[in-house]
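These notes are about the structure you will find just below.
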Amino acid sequence: MPLQGEYLGMSVAIPDVDRPNQEFYTHCGQGVLHLQSCVKCTLLRYPTTTACPWCAESEYVWTPVSGKGTLYSYGEVHHAIQPTFQQFTPYLILLVELDEQRDRPNRFDGLRINGNLADASGEMAKPELVATVGIGSRLRVVFKSIGDGMAIPLWTLDTEIKQEAPWRYPDN
Ligand SMILES: [Zn+2]
């Protein structure tokens, strides 16, 4: 069965042939971030793919990860192309480096996941929160249910730890 949901008024559909993404978003719907772990080389990977980018093995097992990481880079969107996102500008597109597998398989690699900045309940972050986040911010995953057992992973500030001052692109 294709999975069908809705996010911010937009329809989301994942067809049967895309089994790995159906599984990814269903794990998110159960509240724990899982990534594919290659059965041959054991490395985790993201984005979800049908084969290991390191050794081309197609078999994998879903492995739970902490869902915690550090902001590696970001883009700040002031002019949204997608109409749904216009109400949230300026918003952040994050590239979060997970704590797992940093510098593996070599020092240039790591598990980096993209997503939007959200508040702790999974709603898109307000400008006051956007202004406090930058490279080096410590983040944790939150999930926004979209129906059909699926959820979308978003990222919010980890308020359980002391945050160092993040680096931000200079204002123009
Ligand atoms: Zn592999």
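The values are calculated or read from the model by the stated rules, or taken from the named source; none is laboratory data. A quick note: this is a predicted structure, and the numbers were derived from the prediction, not measured. In this analysis, Cβ positions are derived from the backbone assuming ideal geometry, glycine residues included, and neighbour counts consider all displayed protein chains.
Taking strands (runs of 3 or more DSSP E) as the structural unit, those lying wholly within the range 1-100 and holding at least 1 residues that are in contact with a Pro (Cβ under 7 Å, 6 or more places away or on another chain), surrounded by 13 or more Cβ atoms within 10 Å (Cβ to Cβ) and touching a residue at least 24 places away in the same chain (Cβ under 8 Å) correspond to 10-14, 34-38, 68-77. Being touching a Pro at 6+ places or on another chain (Cβ under 7 Å) and surrounded by 15 or more Cβ atoms within 10 Å (Cβ to Cβ) holds for only one residue in Gly149, Gly115, Gly110, Gly122, and it is Gly115.
Here's a check for you: in the range 50-75, which residue that is modelled with pLDDT of 95 or more and under 25 Å from Asp148 (Cβ atoms) is farthest from the ligand (Cβ to nearest atom)? Within the range 50-75, the match that is farthest from the ligand (Cβ to nearest atom) is Gly67. Within the range 102-137, the residues that satisfy the criterion of being assigned to a loop (DSSP other than H, G, I, E, B) and among the basic types (Lys, Arg) are Arg102, Arg104, Arg107, Lys126. Per the listing Val39, Val96, Val32, the residue uniquely more than 23 Å from Asp119 (Cβ to Cβ) and at pLDDT 95 or above is Val39.
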